[in-house]
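To keep things clear, I will list the structure first and then write my remarks on it.
Rule-based calculations on the coordinates, nothing more; no lab input. Everything quoted here is computed from the prediction, not taken from an experiment. Positions of Cβ are backbone-derived with ideal geometry, glycine not excepted, and every protein chain shown enters the neighbour counts.
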Amino acid sequence: MFRYLTLIQFTDQGARNVDNSLQRASDFGKSVSDAGGKLVSQVWTVGQYDGCVVFETPDEATGSALLVKLAKDGNVRTQTMRCYDNEEFADILKVVS
């Protein structure tokens, strides 16, 4: 599985529709699940970002498609990073050593 950490900021539209945020977050989790992935964590934050989500998908194309759909809806902007657990990072280190 490919794991992603996505930082979320409300757009002006998303801020105006903040009352629907919990439903939109639930819908995103369902989209991840329907695509064969797993929603690992979703939290709301205060500060520069309004939330953070960690999710896994079976391939990179699926992860990218989910994020494009999220952006297309117009309620949030995202910054996404690929995440690795210790075992995966150890494999990366073997390549560069």
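When A15 is tested against (1) in a strand (DSSP E or B); (2) among the hydrophobic types (A, V, I, L, M, F, W, C); (3) farther than 14 Å from L70 by Cβ, exactly one condition is not met: (1). Within the range 7-64, the residues that satisfy the criterion of being of a type in the set (S, T, N, Q), out of contact with any Phe, Trp or Tyr (no Cβ under 7 Å at 6 or more places or on another chain), surrounded by 14 or more Cβ atoms within 10 Å (Cβ to Cβ) and under 25 Å from D85 (Cα atoms) are S31, Q42, T62, S64. Could you tell me whether the range 73-90 includes any residue that is in a helix (DSSP H, G or I) and acidic (D, E)? Yes, some residue in the range 73-90 is in a helix (DSSP H, G or I) and acidic (D, E). Apart from one condition, E56 fits all of (1) under 12 Å from T6 (Cα atoms); (2) out of contact with any Lys or Arg (no Cβ under 8 Å at 6 or more places or on another chain); the exception is (2).
Is it the case that the range 29-48 has a residue that's in contact with a Cys (Cβ under 9 Å, 6 or more places away or on another chain), outside any strand (DSSP E or B) and among the polar types (S, T, N, Q)? Yes, that holds for at least one residue. Considering each of L66, L7, L22 in turn, give the residue that is out of contact with any Leu (no Cβ under 7 Å at 6 or more places or on another chain) and without any contact (Cβ under 8 Å) to a residue 12 or more places away in the chain. Exactly one of L66, L7, L22 is out of contact with any Leu (no Cβ under 7 Å at 6 or more places or on another chain) and without any contact (Cβ under 8 Å) to a residue 12 or more places away in the chain, namely L22.
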